[in-house]
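Read through the structure below, which is laid out as structure tokens, and then see the notes.
The values are calculated or read from the model by the stated rules, or taken from the named source; none is laboratory data. In this text the structure is predicted, and so the values were computed from the model without any measurement. Here the Cβ positions follow ideal geometry from the backbone for every residue, glycine too, while neighbour counts run over all protein chains shown.
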Amino acid sequence: MIDLVGDSKKRWRVIGICLCLGLIFFAVGFLNGAYDSHSEEFLTKPGAMILFSFVGCWVLIILAKLIMTPLLQRDEDYYEKGRDDAND
Amino acid sequence: MIDFHPGLIFIFVGMLAALCQSTGRRMILACCPVLALVSICNQTMGTDLSFQFVNDFTLHYLFVDPLSWVFTAIFCVFGVIGGIYSCHNKSPLEALCSMAYVGSSIGVVLAHDWVTFLFFWELEAVTSTFLIWNDPRPTSRGAGLRYLMIHTLSGNCVLAGVVLKLTQGDILVHSLAEGPHDLAFWCFLIGFCVNVAAVPFHTWLTEGYPAATLTGSVFMSSFTTKVAVYSLLRVFGGTELLIGAGVLMALYGALYAVMENDMIRLLSYHIVSQVGYMVAGAGIGTAMTMNGATAHAVSDILFKSLLFMCCNALTYATGVRKINQLGGMAKRYPVICIFFIVGAFSIAGVPGFNGFVSKMMTIAGAEEAHLETVALLLELASIGTFLSICFKMLYFIFLAPDKGLAPEKRPVESNMMIAMAIGAALCTLIGCFPELTLYRHLPFGPVTYVPYTLPHVTNQMIMGFIGVIPFLMFLPRMEPHTAISLDAEWFYRRPLKMAFLGVTYLCFGLCRGLGHVWGVAVNQAMMACNNPMQFLDAKPFRPKKHYSPDNYRTSIADTIMIILTVLFICIFYFRTSL
């Protein structure tokens with residue numbers, strides 16, 4: 001199995017591979033005219049999807065894990081405290 | 001056979017399965033749902049079957065048009081898959097409820113008048129509630145009760161709408177999007193929004209599905225919300241209010257899914273998220289987005305049920321539901337891992353799988369309708385899907401090192417594997433050949449969308465490969481905790497519950513106090529009536545410890561007074577007469 005949490009070297013290697021693959025797909029699209037720098041649609045501009053994916057993923061992670069988790073997460077028996085049927 | 005109602009076939013199959021013993025039930029559940037699929041494939045467009053009900057009221061119980069056909073067909077397909085997946089079940093009640101649930105969902109879709117629509121709508125709510133209550137966990141009782149309460153709200157809204165429509169003389173189900181925006185319009189809209197799990201009415205889903213039985217939740221993942229999506233497409237297509245609701249659902253579900261630890265609850269949030277695309281598509285109301293919503297409903301039924309089947313198969317084998325207790329499942333269950341990857345790639349919209357050909361159609365439709373912000377927010381929700389299913393679930397459940405907290409208790413049943421294989425095959429088939437399998441059946445005009453273009457394919461691949469980088473950078477803190485996430489259900493499980501209990505205790509105390517006063521008054525009145533002589537006495541209500549006849553005797557003075565009075569009257573009379 002792949003331990004990417006404990007083995008940070010391996011994790012950074014995987015990050016590098018993913019970055020290369022992402023850039024290869026961008027290059028394939030760019031060289032074949034898939035993008036249009038004059039387009040009105042944001043995501044059809046060259047490199048926009050790379051930026052959007054990277055920033056969007058960080059936005060979701062920060063919102064979910066750094067803001068919502070401490071605000072909204074409670075113990076699993078939060079609603080069942082003091083009830084007879086709490087243990088299922 | 002040709003004109004037989006596919007929904008009634010499912011209900012009949014459920015009754016038959018409930019009456020049979022285990023081997024017979026297994027055969028019936030695995031084979032008989034195919035009859036419904038054959039039935040809907042043989043229906044011709046425009047079929048409208050009806051019968052006379054009371055007072056010359058005609059019930060149109062089977063109406064086939066392109067929209068109802070495509071939803072009925074996919075429901076029948078999943079009914080077959082679900083029947084195979086659940087046929088090892090020993091509970092006759094669950095067999096009956098699951099098949100009746102499928103049948104009633106089909107009944108809603110094929111109904112052409114409001115009364116039949118309402119009947120099957122309510123039947124769907126009741127049968128699905130029993131799929132939750134059939135689970136032996138104590139928490140399922142409360143979850144089922146709350147699920148039923150919210151669906152009662154939805155059912156009552158639809159009932160009110162139906163009554164208003166019937167009083168106006170509108171008998172047949174038709175579009176209300178054009179107006180008038182009267183009370184019936186809002187009743188139907190609220191009722192449908194509750195069932196479609198629009199935020200903040202979505203908690204019946206995220207609380208109810210994880211509490212259902214392992215096979216029950218697989219059925220539930222595919223029907224209630226999709227029936228509501230069908231209803232929105234049929235009745236509210238083009239209602240702009242739904243665009244915002246859909247975008248909110250897509251993002252809200254994706255965000256909560258990133259936090260979740262329970263596999264089924266995480267997938268339930270993804271139902272909210274994916275249904276958000278369909279609701280937004282229905283709200284935009286162009287042919288492309290309506291077709292996109294229909295196509296995505298078809299795809300969602302297949303890939304979401306596949307993901308539910310994979311996760312429930314793991315829970316069936318190990319007894320573990322929490323992501324942070326799993327790990328290393330790819331080594332122990334490699335075939336389930338492959339099926340899960342197919343489902344995950346499908347839901348994320350990876351080219352070659354069915355999510356790619358349906359989800360992108362709605363987003364492209366939003367761009368075509370010049371709603372670029374909507375399209376961007378739906379793309380952002382799509383990144384959230386990659387994040388929580390393709391990256392988080394796939395890594396922490398299957399690829400991460402095994403923690404040893406989930407030893408195998410029993411092997412996965414062969415029928416479960418067959419059902420997952422069929423689901424995975426259909427996801428791939430539709431993804432590879434969308435024109436042949438899906439697009440030709442879409443109901444809102446011919447499909448002009450071409451999914452396999454270079455920008456579409458490269459953008460999706462970039463989203464996957466670049467989106468995984470922040471996940472990997474943040475990986476040490478991405479593992480979910482053993483905790484629950486508070487959601488809108490907090491409002492009715494805490495403050496509303498407290499208020500309800502407070503009012504109940506207040507009423508109970510008042511009733512008890514008033515009852516006591518009333519009881520004392522009645523008691524004293526009864527005592528007084530039993531012995532009226534007490535009123536002649538000077539002390540009628542004085543408590544008496546012991547019975548004494550002297551209390552009830554008149555005094556000697558009264559007797560002397562009466563004798564003297566009689567004596568004086570006699571003397572006076574006789575003296576005057578003499």
### Complete set of residues in the stretch B:369-388 that are out of contact with any helix residue (DSSP H, G or I) (no Cβ under 6 Å at 6 or more places or on another chain) and over 25 Å from B:R477 (Cα atoms)
B:H370, B:L371, B:E372, B:T373, B:L376
### Query
Which condition number does B:T167 fail, the rest of (1) modelled with pLDDT of 95 or more; (2) over 27 Å from B:I84 (Cα atoms) being met?
(1)
### Task
Kindly check whether there is at least one residue in the stretch B:42-49 that is over 21 Å from B:M416 (Cβ atoms), in the same structural domain as B:W121 (by TED's automatic domain parsing), in a helix (DSSP H, G or I) and at pLDDT below 95.
yes
### Query
Just a yes or no: is a residue in the stretch B:115-126 closer than 27 Å to B:C427 by Cβ, at pLDDT 95 or above and hydroxyl-bearing (S, T, Y)?
no
### Task
Kindly provide the set of residues from the stretch A:45-77 that are under 18 Å from A:G22 (Cα atoms), β-branched (V, I, T) and at the interface with chain B (Cβ under 8 Å from one of its Cβ atoms), ordered by number.
A:I50
### Task
Looking at (1) within 22 Å of B:W121 (Cβ to Cβ); (2) modelled with pLDDT under 95, find the lone condition where B:C87 falls short.
(1)
### Query
Within the group B:F192, B:F185, B:F201, which residue is over 20 Å from the mean Cα position of the chain (by Cα) and among the aromatic types (F, W, Y)?
B:F185
### Summary
Only unsatisfied item for B:A424, checking (1) among the small types (G, A, S); (2) under 30 Å from B:V70 (Cα atoms); (3) free of Cβ contacts under 8 Å to residues at least 12 places away in the same chain, is (3)
### Task
Collect the residues in the stretch B:386-432 that are within 28 Å of A:I61 (Cα to Cα) and among the basic types (K, R), keeping them in residue-number order.
B:K392, B:K403
### Message
Among the residues that make up the stretch B:105-114, is at least one of them touching a Gly at 6+ places or on another chain (Cβ under 9 Å) and surrounded by fewer than 23 Cβ atoms within 10 Å (Cβ to Cβ)?
### Response
no
### Query
If B:E207 satisfies every condition in (1) away from every other protein chain (no Cβ under 14 Å); (2) closer than 24 Å to B:M278 by Cβ; (3) touching a residue at least 24 places away in the same chain (Cβ under 8 Å) but one, which is the exception?
(1)
### Query
Where in the stretch B:305-395 are there helices (runs of 4 or more DSSP H), lying wholly inside it, with at least 3 residues that are small (G, A, S) and either within 27 Å of the chain's Cα centre (by Cα) or not assigned by TED's automatic domain parsing to the domain that holds B:G216 (or both)?
B:334-348, B:354-368, B:372-385
### Query
When the residues of the stretch A:40-72 are filtered to those that are of a type in the set (S, T, Y) and farther than 14 Å from B:G464 by Cα, which remaining residue is modelled with the highest pLDDT?
A:T69
### Query
Does the stretch B:165-176 hold any residues that are surrounded by 20 or more Cβ atoms within 10 Å (Cβ to Cβ) and aliphatic (A, V, I, L, M), and which are they?
B:V173, B:L176
### Query
If you go through the stretch B:513-524 one residue at a time, do you hit one that is of a type in the set (G, A, S) and modelled with pLDDT under 85?
no
### Within the stretch B:222-245, tally of residues that are in contact (Cβ under 8 Å) with a residue 40 or more places away in the chain and farther than 18 Å from B:K304 by Cα
14
### Message
When the residues of the stretch B:282-329 are narrowed to those that are more than 28 Å from B:C76 (Cβ to Cβ) and among the hydrophobic types (A, V, I, L, M, F, W, C), which ends up surrounded by the fewest Cβ atoms within 10 Å (Cβ to Cβ)?
### Response
B:V320
### Query
Are there any pairs, at least 6 apart or on different chains, whose C-beta atoms fall under 6 Å, with the first in the stretch B:325-336 and under 11 Å from B:A313 (Cα atoms) and the second crowded, with 23+ Cβ neighbours inside 10 Å and small (G, A, S), and if so, which?
B:I336/B:A313
### Message
Quick check on my filter: what residues within the stretch B:260-303 are under 20 Å from A:L60 (Cβ atoms) and of a type in the set (D, E, K, R)?
### Response
B:E260, B:D262, B:R265
### Query
Could you say whether any residue in the stretch A:32-44 is within 8 Å of chain B (Cβ to nearest Cβ), out of contact with any His (no Cβ under 9 Å at 6 or more places or on another chain), surrounded by fewer than 16 Cβ atoms within 10 Å (Cβ to Cβ) and among the polar types (S, T, N, Q)?
yes
